[in-house]
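Participant: Dumping the structure here so I can ask a few things about it.
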Amino acid sequence: MPIPFETAPTAAASAVPVIFVSKSTWEATRATLSSSAQQFAAANGFAAKPGACLTLPDADGGIAQVVFGLEDATAKSRDPFRSGALPGLLPAGTYRFANAPHDARLATLAFALGGYRFSRYRKAEAPAVKLVPPDGIDVAEITGIAEAAMLARDLINTPSNEMGPEELAVAASEVAARFGAHFSCITGDELKQGFPLIHAVGQASIRAPRLIEFSWGDPAYPKVTLVGKGVCFDTGGLDLKPSSGMLLMKKDMGGAANVLALAQMVMDAKLKVRLRVLIPAVENAVAGNAFRPLDIFRSRKGLSVEIGNTDAEGRLILADALAYADEEKPDLLIDMGTLTGAARVALGPDLPPFYTQDDALAEDVARWAREENDPLWRMPLWGPYDSWLDAKVADITNAPSGSFAGSITCALFLQRFVEHAKHWLHFDIFAWTPQAKPARPEGGECQAARAVFRLLGERYA
């Protein structure tokens, strides 16, 4: 999908100005308008409420300017992405920001993200609006971030019948090829010896499981490894989900989609890292050869894992991939997955938790999450709960009994498979916007990737 920026040198002169106003600034702004524009605004009841948009006509019936409502500077909460609503509100044309929104960079990114439409299965043309970016904005960076975020959205929104393990591998190979990365894929029974947990989860599907891998960058640079959960559909396995729980399971590969988005941002920005991407891709299906509750499998790391619940499959496939990544002793190991309902109960759909033992790294993540308007919240790797993972006849269980601290125990499970990496970050994302908001349409969403990209840019520019 084309990014709606107009960068021609002469574009600003003819672009329609968008004036940002709030309830506290509207009266002063209104006084600067022509008398006919003031009357038009009054007739339309414009009161500068956040999100309110009004196009003011010129003498010939064209658009003279646009006024758009934002929160007051003193408001308890402000949405830096508020301008992401503009592409869906404005008539076709080219526009520019006449004054400063809350944050010019984020408002520009929001404008790009707000033009996203998923049109694979029915006609949904992108809004015919363009923005002349404000002065000082790194248009190339914003474009790269927006394109990557839209990639994640497209992958998640695509239904599972057309986004299985093979199709996810193709999507990853296309990203790798675009930047000259080295791509490889281990498929089906080839996984049985080296990656038994990935094989176990995916063996019941007629669509063979895969471990997708690509690497990019100078081997002399610091090693950064990204691991993304790629469960292309999750029935829950023999511990079958109810229909309501299965409805959104096309998004259970959201970790993989966001890892691919992050990888694309990193490669597009040419960060000085040796990037490695690992995506275990499976379908958790029901068949006569499906893995069962209380089955025991020896993981790649050597730990024996008892299956407490077949619906806790994401941590199983990540465990083998993390153990594999950890063998290389990366400087930074990051995993993302749509893992637990407990995270949603605790923090809702918009605020994914993240986990790390590194306090300085956690502070940096939190800072960039705020700066990038990519909300994240640190949760504890609470050591006393580690014993909950003890199994009676194996080294570890994938699903402790009881309903407490589900996101924490998942993180503690994964931590067992990370030993050599210098730093480790785990994200339990939702990868979905359940109700549309400015710049964030309902559907698949890019979460955590933008904040982590800015973190990596700071560390490895």
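Participant: Under 9 Å between Cβ atoms, at least 6 apart or on separate chains: pull out the pairs that start in the range 58-77 with a residue that is farther than 18 Å from V16 by Cβ and end on any residue that is loosely packed, with under 11 Cβ neighbours inside 10 Å.
Facilitator: E71/S77
Participant: For the condition in a helix (DSSP H, G or I), open to solvent by less than 60 Å² (accessible area, probe 1.4 Å) and of a type outside the set (D, E, K, R), what is the one hit in A177, A171? Quick ask: steps written out before the conclusion?
Facilitator: Numbers: A177 fails: open to solvent by less than 60 Å² (accessible area, probe 1.4 Å).
Matching residue, one of A177, A171: A171.
Participant: Of the conditions (1) out of contact with any helix residue (DSSP H, G or I) (no Cβ under 6 Å at 6 or more places or on another chain); (2) over 22 Å from A285 (Cα atoms); (3) touching a residue at least 12 places away in the same chain (Cβ under 8 Å), A169 satisfies every one except a single condition; which number is it?
Facilitator: So the condition that A169 fails would be (2).
Participant: Within 24 Å of D103 (Cβ to Cβ), at pLDDT 95 or above, within 41 Å of the chain's Cα centre (by Cα) and open to solvent by less than 50 Å² (accessible area, probe 1.4 Å), is that true of A48? It would help to see each step written out before you state the result.
Facilitator: Working: within 24 Å of D103 (Cβ to Cβ): yes; at pLDDT 95 or above: yes; within 41 Å of the chain's Cα centre (by Cα): yes; open to solvent by less than 50 Å² (accessible area, probe 1.4 Å): yes.
It is true that A48 is within 24 Å of D103 (Cβ to Cβ), at pLDDT 95 or above, within 41 Å of the chain's Cα centre (by Cα) and open to solvent by less than 50 Å² (accessible area, probe 1.4 Å).
Participant: Moving on. Could you say which residue among Q447, Q415 is open to solvent by less than 20 Å² (accessible area, probe 1.4 Å) and not aliphatic (A, V, I, L, M)?
Facilitator: Only one candidate qualifies: Q447.
Participant: Could you say which residue among D386, D364, D374 is of a type outside the set (A, V, I, L, M, F, W, C) and assigned to a loop (DSSP other than H, G, I, E, B)?
Facilitator: On the way: D386 fails: assigned to a loop (DSSP other than H, G, I, E, B); D364 fails: assigned to a loop (DSSP other than H, G, I, E, B).
Going through D386, D364, D374 in turn, just one is of a type outside the set (A, V, I, L, M, F, W, C) and assigned to a loop (DSSP other than H, G, I, E, B): D374.
Participant: Considering only residues that are open to solvent by 10 Å² or more (accessible area, probe 1.4 Å) and either touching a Lys or Arg at 6+ places or on another chain (Cβ under 9 Å) or more than 30 Å from K223 (Cβ to Cβ) (or both), which ones fall in the range 398-412?
Facilitator: A399, P400, S401, G402, S403, F404, A405, G406 - these are the residues of the range 398-412 that are open to solvent by 10 Å² or more (accessible area, probe 1.4 Å) and either touching a Lys or Arg at 6+ places or on another chain (Cβ under 9 Å) or more than 30 Å from K223 (Cβ to Cβ) (or both).
Participant: Taking the condition within 28 Å of V266 (Cα to Cα), modelled with pLDDT of 95 or more and either touching a Pro at 6+ places or on another chain (Cβ under 6 Å) or not in a helix (DSSP H, G or I) (or both), does F404 pass?
Facilitator: Details: within 28 Å of V266 (Cα to Cα): no; modelled with pLDDT of 95 or more: yes; either touching a Pro at 6+ places or on another chain (Cβ under 6 Å) or not in a helix (DSSP H, G or I) (or both): yes.
In short, no.
Participant: Anything in the range 433-444 that is in contact with a Gly (Cβ under 6 Å, 6 or more places away or on another chain) and open to solvent by 10 Å² or more (accessible area, probe 1.4 Å)? List them, or say none.
Facilitator: Residue satisfying the conditions is P438 alone.
Participant: Report every pair of residues separated by at least 6 positions or lying on different chains whose Cβ atoms are under 6 Å apart, first residue within the range 140-164 and farther than 15 Å from C446 by Cβ, second assigned to a helix (DSSP H, G or I).
Facilitator: P159/K250; S160/K250
Participant: Within the range 58-97, work out how many residues are small (G, A, S), more than 27 Å from the chain's Cα centre (by Cα) and open to solvent by less than 50 Å² (accessible area, probe 1.4 Å). Walk me through how you get there before you give the answer.
Facilitator: So the first thing to find is which residues in the range 58-97 are small (G, A, S), and the list is 59, 61-62, 64, 69, 73, 75, 77, 83-85, 88, 92-93.
Still in the running and more than 27 Å from the chain's Cα centre (by Cα): 59, 61-62, 64, 69, 73, 75, 92-93.
Now narrow it down to the ones that are open to solvent by less than 50 Å² (accessible area, probe 1.4 Å): 62, 64, 69, 75, 93.
Residues that pass the stated criteria total 5.
Participant: In the range 98-137, what residues are in contact with a helix residue (DSSP H, G or I) (Cβ under 8 Å, 6 or more places away or on another chain) and loosely packed, with under 13 Cβ neighbours inside 10 Å?
Facilitator: The answer is R120, G136.
The values are calculated or read from the model by the stated rules, or taken from the named source; none is laboratory data. No experiment lies behind these values; they were computed from the predicted model shown. FYI the Cβ positions are ideal-geometry reconstructions off the backbone, even for glycines, and counts take in every protein chain you see. Protein only, heavy atoms only, side chains kept; ligands, DNA and RNA dropped before computing areas. Shrake-Rupley method; radii C 1.70, N 1.55, O 1.52, S 1.80 Å.
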